[in-house]
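Notes follow the structure.
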């Protein structure tokens, strides 16, 4: 039984929240909030001067930061532009993030930016590329899959020797939309390679299809899946995502408190599992 990977500083363990401009001033200047860390998308700050880097530096003085990207397009055929990679690295270093993550998808086609996270073909040829990634929610597969998604992710992890950001809400959304067991799916992953966990809310359409909107509170089945997962990974940074219909900060902090309760319950289960394994 092991704890968090050595790359994870202790001040990033616990429950964090995505940093939004809606409540930036409260984070910068208000009372210290019970948030373990703030997650920031560095692309939102690249090539900006003046207030933006100053405000982010003020937040970093008070809280740890973790970066999570949106536009690296890890599965694209073309390599990312060198100037973009250089600027991204500078921004990550400026924020002091111990690791950086992006999505296992493609979002570009040549010079075109598609402004969406599109699924990769689940094939051995696609998996044999180096990348660090988050599992995405997807709604249609490009062609007949050659591999189960969990096997595809395992192959990418093996080839890249990367860490994984496990989004349990994405697993739940995909499981409901495509008819598989989310617990069995997560059990097939190498959980010792999980460096961070995401959790979010989603939207259900009239036909029962789920959309990963990040625009609603986390539902009970996702809380339960999160607890089950943490009881097997051990302590990890957990991030509450809310990107649409962002409520008042007090509402988000109430959800953070509930997540902290789930986190504590999961850690008790993880410790009990360790004692049982030790005999």
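Some notes on this structure:
Table: residues versus (1) at pLDDT 95 or above; (2) farther than 20 Å from residue 66 by Cβ; (3) touching a helix residue (DSSP H, G or I) at 6+ places or on another chain (Cβ under 6 Å).
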site: 180; (1), (2), (3): no, yes, no
site: 198; (1), (2), (3): yes, no, no
site: 213; (1), (2), (3): no, yes, no
site: 223; (1), (2), (3): yes, yes, yes
site: 226; (1), (2), (3): yes, no, yes
site: 231; (1), (2), (3): yes, yes, yes
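- The residue list 30, 16, 3, 49 contains one member that is within 22 Å of residue 253 (Cβ to Cβ) and out of contact with any strand residue (DSSP E or B) (no Cβ under 8 Å at 6 or more places or on another chain), which is 30.
- Inclusion of residue 222 among residues that are more than 25 Å from residue 175 (Cβ to Cβ) and surrounded by 13 or more Cβ atoms within 10 Å (Cβ to Cβ) is not warranted.
- Neighbours by Cβ (under 7 Å, 6+ apart or cross-chain): first from region 64-79, over 30 Å from residue 14 (Cβ atoms); second modelled with pLDDT of 70 or more and buried (at least 21 other Cβ atoms within 10 Å of the Cβ): 75/104
- Within region 192-209, the set of residues being in contact with a strand residue (DSSP E or B) (Cβ under 8 Å, 6 or more places away or on another chain) and closer than 22 Å to residue 102 by Cα comprises 193, 194, 195, 196, 197, 198, 199, 200, 202.
- Complete set of residues in region 266-279 that are part of a helix (DSSP H, G or I) and out of contact with any helix residue (DSSP H, G or I) (no Cβ under 6 Å at 6 or more places or on another chain): 267, 268, 271, 272, 273, 274, 275, 276, 277
- Residue among 242, 236 that alone is out of contact with any strand residue (DSSP E or B) (no Cβ under 6 Å at 6 or more places or on another chain), in contact (Cβ under 8 Å) with a residue 12 or more places away in the chain and buried (at least 19 other Cβ atoms within 10 Å of the Cβ): 242
The values are calculated or read from the model by the stated rules, or taken from the named source; none is laboratory data. Given the structure is predicted, the values throughout are model-derived calculations rather than measurements. Here Cβ is always computed from backbone atoms with ideal geometry, including for glycine, and neighbour counts include all displayed protein chains.
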